[in-house]
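Single-structure report; data block below.
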Amino acid sequence: MHYIVGDVQGCCDAFDRLLTEIGFSPSRDHVVVLGDLVNRGPQSLATLKRLRALGSAATCLLGNHDLHLLAVAHGVRPAHGDDTIADILDSPQRDEWIAWLRQHRLAVHDQGWLMVHAGVVPQWDL
């Protein structure tokens, strides 16, 4: 079965409950997470760990909160006072997590479906 989920936003426990509720099995199922993996919720790092642990059973896209984390990590913009990404930025594996996040795409086009976080830029070519 294929599932599509949006805006986990650092809520790892809620994401785990959702996977349990739908009977998700990494050996059988696939989940696409449509960006905003981190920020706002209290478990941004745990969320990344959970998603990475799913391996090929999960496809993660980047959303604006994920791009914000990358910008903060690279010194392009300052963190906001209400950000909940310090657990990632302060992690001893910070560089590894940032590199892992950077490898993800903004969009997936597969089997006639276009999946994105928030919208399509008119200049994009499929």
**Prompt:** Filter the stretch 111-126 for residues that are β-branched (Val, Ile, Thr) and surrounded by 10 or more Cβ atoms within 10 Å (Cβ to Cβ); which is modelled with the lowest pLDDT?
**Reply:** Val120
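Let's see how each residue does on (1) at pLDDT 95 or above; (2) under 12 Å from the mean Cα position of the chain (by Cα); (3) part of a helix (DSSP H, G or I):
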{"site": "Gly10", "(1), (2), (3)": "yes, yes, no"}
{"site": "Phe24", "(1), (2), (3)": "yes, no, no"}
{"site": "Ser27", "(1), (2), (3)": "yes, no, no"}
{"site": "Val32", "(1), (2), (3)": "yes, yes, no"}
{"site": "Arg77", "(1), (2), (3)": "yes, no, no"}
{"site": "His109", "(1), (2), (3)": "no, no, no"}
**Fill in**
For the stretch 79-91, the count of residues that are of a type in the set (A, V, I, L, M, F, W, C) and part of a loop (DSSP other than H, G, I, E, B) equals 2
**Item:** Search result, residues across the stretch 20-46 that are buried (at least 20 other Cβ atoms within 10 Å of the Cβ) and aliphatic (A, V, I, L, M)
**Value:** Val31, Val33, Leu34, Leu37, Val38, Leu45
**Request:** Report yes if some residue within the stretch 58-66 is in a helix (DSSP H, G or I), closer than 22 Å to Val116 by Cα and in contact (Cβ under 8 Å) with a residue 40 or more places away in the chain; otherwise report no.
**Result:** yes
**Message:** Condition first: of a type in the set (A, V, I, L, M), touching a Pro at 6+ places or on another chain (Cβ under 9 Å) and assigned to a helix (DSSP H, G or I). Now tell me which residues in the stretch 45-57 satisfy that.
**Reply:** Ala53, Ala57
**Request:** Select from the stretch 50-69 the residues that are within 12 Å of the chain's Cα centre (by Cα) and surrounded by fewer than 17 Cβ atoms within 10 Å (Cβ to Cβ) and write down the one among them that is farthest from Gln9 (Cα to Cα).
**Result:** Arg52
**Prompt:** So, in the stretch 93-109, of the ones that are under 20 Å from Asp7 (Cα atoms) and free of Cβ contacts under 8 Å to residues at least 24 places away in the same chain, which residue ends up surrounded by the fewest Cβ atoms within 10 Å (Cβ to Cβ)?
**Reply:** Gln103
**Request:** Answer yes or no as to whether Leu126 is closer than 24 Å to His30 by Cβ, touching a Leu at 6+ places or on another chain (Cβ under 6 Å) and either free of Cβ contacts under 8 Å to residues at least 60 places away in the same chain or not charged (D, E, K, R) (or both).
**Result:** no
**Message:** Can you confirm whether Val72 is of a type outside the set (Asp, Glu), surrounded by 12 or more Cβ atoms within 10 Å (Cβ to Cβ) and either modelled with pLDDT under 95 or not in a strand (DSSP E or B) (or both)?
**Reply:** yes
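The values are calculated or read from the model by the stated rules, or taken from the named source; none is laboratory data. Keep in mind the model is a prediction, meaning the values are calculated, not measured. Methodologically, a virtual Cβ is constructed for each residue, glycine included, from the backbone with ideal geometry; neighbour enumeration extends over all protein chains shown.
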